2 protein chains.
Amino acid sequence: MVTLKQLAKELGVSISTVSKALNDSFEISEETKEKILALAKKYNYRPNNVAVNLRTRSTQTLGVIIPNIFNHFYTKILSGIEQEAKKNNYKIIISISNETLDSEREGISFFSNGSVDGILLAPSEETEKVNDYEHITDLHAKEIPFVLFDRYSDKVASDRVIINDFDSAKKTITYLTNLGKKNIVAVSLIKNLSVGRLRRKGVQEASSNVTILEFEDEKEFEEVFFQFLKTEKVDAIFALDELAGIIALNLARTLSLNIPKDVSIISFSQGILSEYSYPKLSTINQHAEEIGKKSVELILSRLKNKNKPTETKIINTALDLHQTT
Amino acid sequence: MVTLKQLAKELGVSISTVSKALNDSFEISEETKEKILALAKKYNYRPNNVAVNLRTRSTQTLGVIIPNIFNHFYTKILSGIEQEAKKNNYKIIISISNETLDSEREGISFFSNGSVDGILLAPSEETEKVNDYEHITDLHAKEIPFVLFDRYSDKVASDRVIINDFDSAKKTITYLTNLGKKNIVAVSLIKNLSVGRLRRKGVQEASSNVTILEFEDEKEFEEVFFQFLKTEKVDAIFALDELAGIIALNLARTLSLNIPKDVSIISFSQGILSEYSYPKLSTINQHAEEIGKKSVELILSRLKNKNKPTETKIINTALDLHQTT
DNA sequence: CTGAAAGCGCTAACAA
DNA sequence: TTGTTAGCGCTTTCAG
């Protein structure tokens, strides 16, 4: 890679003259600028990013830690983050925690050496389960700005971008009730996540008549819920996460239940499975890309003003009705 | 962030002594090392990555350009890349081209300023369509090592990690033929991609009796293929991409065809849609994570030896039979 | 065993 | 308008 030094030498001018010319400084004469620009172009000069970073003490890079890259919801958030970052001339470095605390700690440590200007983070399932947020609050001491998205804890004081899970769940139950549904069952595969708890609370708040079934894993869910559907009267299923929704749908079809006549299904969505399910699931759309965009906006404004009070952005959901309702 | 300078000052030693001690150099006495390490720990010292990068002229970072983050296949590759990179103490920076040439160019330019040691790249659909690879071959002039994965062109001399698409398609048709299938139709939504062409060629090579239907988009596919299934005799569908497989499956079910009795379906897979389809699709598994891992291996070995001849790694597929065959 | 000094490539204050 | 110089934080050669 060609450097300022080499350009300067070849033109017989000083390094700072070249630097200023390339940054279009008013101090440099048009004539000099031109010849410098020409040579820079000829050699396809690009300022060494690492050197610029060191000198300016900013990396124009954001670190992103996501729990699970196979979850379409996070992929969409990531896409939103990437777009908004690119728009603002920021790069993103990604670390995947795979829902484990260790990996998340590693990711944070990875980012805590000046590689990034700020961090966007959705805590892992394990982090939420063991309720240990020290590695995150430590970021305050390290003076690394960060934003929590999707998942958060009251233990961590920070900017946040979240979904109104509680309200969405509540409203959905009310919606089903108004439809005349009497035997609603809510199913969940995310009982350990903060969002899972919020959604469950929303359900409970809306009605005490709803049966709530929460499962550790898909297998348990399939076995137990299959029996449940076979023996109990159910006219509506509300899935608190997309996987639960899809599996419930498939189980109902296996039992030859008529959807939506016998039983309606509405599911929180991540986007892809429900879109190509058959029949197409009615979903609560979470505007994931919006979450990503807002997270970037929030961290950038935090970067500009480190001392402003923390902010919580709430992204609203939308009920997208399709063939299962 | 605390620096070497500050540690040195507080202990009344030189910067280089601190540096050496922290790097566990044999030149430094145990005693000195201990007190330096203790202080570093107390202040939670972390070497400034940017400075280290500048000094060592290596960033320990790989740039990854993927065409589409919503495609589970690429997500899996990304996961493989991330794991293997982490294992080797490399970071990854991600740029998403969204299947457009412009975005891809931008990504490459983004990475061409010393931010990364090497680039992993799957060319965009548009790049393949207009057949313009100059921005990629330019990397040779810039002396930035790169590896193409999944998609490639003969126009670009480089290390590659690819799938044996041709053979897989060929073998699958043979497999269906041996099953006694007489009216096989191959469907594709990826006719413009190099892998799409390779798979089609594999089909053609295996048998001239297979009807091949290629479509521009999902809508056209749904309309045309629905009519086709209604009017033509079909006892096996071979989908050259997962989306085509899922849609074909749903269309067949809409027509109440018995699967797999009336019609067998096998599809190239990306992993997630087929896994949760009902009934579960038989797929050609592409070992995406393996592609990611091998790509990292390849670029790292290239980084070690810039002058070795280019290498092409072929990842084999596996036929995973489920309920649709 | 420890320290001084150079330098990675760049920006920017200051001097000329 | 241009150049000199210092310095970002670190590694490493060389001298002591």
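Here are some notes:
- Only one of A:V13, A:V18, A:V50, A:V2 that is buried (at least 22 other Cβ atoms within 10 Å of the Cβ) and over 30 Å from B:Q83 (Cα atoms): A:V18
- For the range B:272-325, filtering for residues that are farther than 30 Å from A:S277 by Cα, of a type in the set (S, T, N, Q) and under 15 Å from the mean Cα position of the chain (by Cα) leaves 2.
- Search result, residues across the range B:260-293 that are under 16 Å from B:R199 (Cα atoms) and either of a type outside the set (V, I, T) or touching a Cys at 6+ places or on another chain (Cβ under 7 Å) (or both): B:S267, B:F268, B:S269, B:Q270, B:N285, B:Q286
- Considering each residue of the range B:58-79 in turn, at least one proves to be within 14 Å of DNA strand C (Cβ to nearest atom), surrounded by 17 or more Cβ atoms within 10 Å (Cβ to Cβ) and modelled with pLDDT under 95.
- The set of residues in the range A:27-58 being more than 12 Å from DNA strand D (Cβ to nearest atom), in contact (Cβ under 8 Å) with a residue 24 or more places away in the chain and hydrophobic (A, V, I, L, M, F, W, C) consists of A:L39, A:A40.
- Residue within the range B:99-113 that is among the aliphatic types (A, V, I, L, M) and in a strand (DSSP E or B) present: no
- Where a residue in the range B:171-183 is in the same structural domain as B:F238 (by TED's automatic domain parsing) and its partner, wherever it lies, is surrounded by fewer than 18 Cβ atoms within 10 Å (Cβ to Cβ) and of a type in the set (G, A, S), with Cβ under 8 Å and at least six apart: B:I173/B:S207; B:T174/B:S207; B:T177/B:S207
- Filtered by the rule that a residue be over 18 Å from the mean Cα position of the chain (by Cα), part of a helix (DSSP H, G or I) and either buried (at least 23 other Cβ atoms within 10 Å of the Cβ) or within 14 Å of chain A (Cβ to nearest Cβ) (or both), the range B:114-143 gives B:E134, B:H135, B:T137, B:D138, B:L139, B:H140, B:A141.
- Matching option when the condition is more than 14 Å from every other protein chain (Cβ to nearest Cβ) and touching a residue at least 40 places away in the same chain (Cβ under 8 Å), among B:N285, B:N209, B:N192: B:N192
- Looking across the range B:183-203, the residues that are small (G, A, S) and touching a strand residue (DSSP E or B) at 6+ places or on another chain (Cβ under 6 Å) come down to B:A186, B:S188, B:G196.
- B:I28 fulfils the conditions (1) in contact with a strand residue (DSSP E or B) (Cβ under 8 Å, 6 or more places away or on another chain); (2) within 16 Å of DNA strand C (Cβ to nearest atom) except for a single criterion, (1).
- Among the residues of the range B:258-282, those that are of a type outside the set (V, I, T) and within 13 Å of chain A (Cβ to nearest Cβ) comprise B:S267, B:Q270, B:G271, B:L273, B:S274, B:E275, B:Y276, B:S277, B:Y278, B:P279, B:K280, B:L281.
- Where a residue in the range A:2-26 is within 14 Å of chain B (Cβ to nearest Cβ) and its partner, wherever it lies, is outside any loop (DSSP other than H, G, I, E, B) and more than 7 Å from DNA strand C (Cβ to nearest atom), with Cβ under 7 Å and at least six apart: A:L4/A:V18; A:L22/A:I36; A:L22/A:A40
- Screening B:S79 against (1) within 8 Å of chain A (Cβ to nearest Cβ); (2) farther than 18 Å from B:E297 by Cβ leaves a single unmet condition, (2).
- Some residue of the range B:80-93 being within 16 Å of DNA strand D (Cβ to nearest atom) and in the same structural domain as B:G114 (by TED's automatic domain parsing): yes
- Here the range B:265-311 is the region considered, the condition is being of a type in the set (K, R) and outside any loop (DSSP other than H, G, I, E, B), and the residue that is surrounded by the most Cβ atoms within 10 Å (Cβ to Cβ) is B:K294.
- The range B:35-76 - residue that is in a loop (DSSP other than H, G, I, E, B), facing chain A (nearest Cβ under 7 Å) and more than 25 Å from A:T100 (Cα to Cα) and, of those, nearest to the chain's Cα centre (by Cα): B:T59
- Taken over the range B:234-245, the residue count meeting the criterion of being within 11 Å of chain A (Cβ to nearest Cβ) and surrounded by fewer than 24 Cβ atoms within 10 Å (Cβ to Cβ) is 1.
The values are calculated or read from the model by the stated rules, or taken from the named source; none is laboratory data. What you see is a predicted model; the values in this text were computed from it and never measured. Positions of Cβ are generated from backbone atoms using ideal geometry, with glycine treated the same way; all protein chains shown enter the neighbour counts.
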